[in-house]
Amino acid sequence: MSMRYLLVGFSAVALFAQNTDLTGALNSSRQRIDSIDDQIVKLLNERAQVVREVGLIKKQFHSPASAPGREEQVLRRAAGQARAPLTGPAVEAIYKAILREMSAMEQAEMEKSAKPE
């Protein structure tokens, strides 16, 4: 019975050492991913600011927030820029989520600015 505990103990130590090695090996890549994510969020915030400006222009011209033709154009353009390992459909799926959130933000901004204060 004590041999079993000894084997379990050695296995746990080996697994811990392997996880430590794995963490060390992944650390540089994870730091690069974090840096890229920072850039993506910065660019999404810039995009959101421009979307806000577009919403204000649309409001001035009594135009709806939604522009399906433009959305399709953006999706095609973005998907066309996909490079391996990303595929066009993967980029399109990502952009659908971005457009959905940006459109919701634009609609909310337009409604907020339409309310009398």
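With the structure loaded, tell me whether Ala90 is surrounded by 12 or more Cβ atoms within 10 Å (Cβ to Cβ) and assigned to a loop (DSSP other than H, G, I, E, B) or whether it fails that test.
Spelling it out, it is not the case that Ala90 is surrounded by 12 or more Cβ atoms within 10 Å (Cβ to Cβ) and assigned to a loop (DSSP other than H, G, I, E, B).
What number of residues within segment 65-117 satisfy the criterion of being closer than 21 Å to Gly55 by Cα, of a type in the set (A, V, I, L, M, F, W, C) and in contact (Cβ under 8 Å) with a residue 12 or more places away in the chain?
Going through segment 65-117 one residue at a time, the tally reaches 9.
Which numbered condition trips up His62, out of (1) part of a helix (DSSP H, G or I); (2) surrounded by fewer than 13 Cβ atoms within 10 Å (Cβ to Cβ)?
That leaves (1) as the condition not met.
Identify all residues within segment 77-87 that are touching a helix residue (DSSP H, G or I) at 6+ places or on another chain (Cβ under 8 Å) and either loosely packed, with under 15 Cβ neighbours inside 10 Å or in a loop (DSSP other than H, G, I, E, B) (or both); write none if there are none.
The answer is Gly80, Gln81, Ala82.
Is there a residue in segment 86-96 that is at pLDDT below 90 and farther than 19 Å from Arg47 by Cα?
Checked segment 86-96: no residue is at pLDDT below 90 and farther than 19 Å from Arg47 by Cα.
Which number in (1) part of a loop (DSSP other than H, G, I, E, B); (2) at pLDDT below 95; (3) not β-branched (Val, Ile, Thr) marks the one condition that Met3 misses?
(1)
The values are calculated or read from the model by the stated rules, or taken from the named source; none is laboratory data. Not measured: the values here are computed from a predicted model. In this analysis, Cβ positions are derived from the backbone assuming ideal geometry, glycine residues included, and neighbour counts consider all displayed protein chains.
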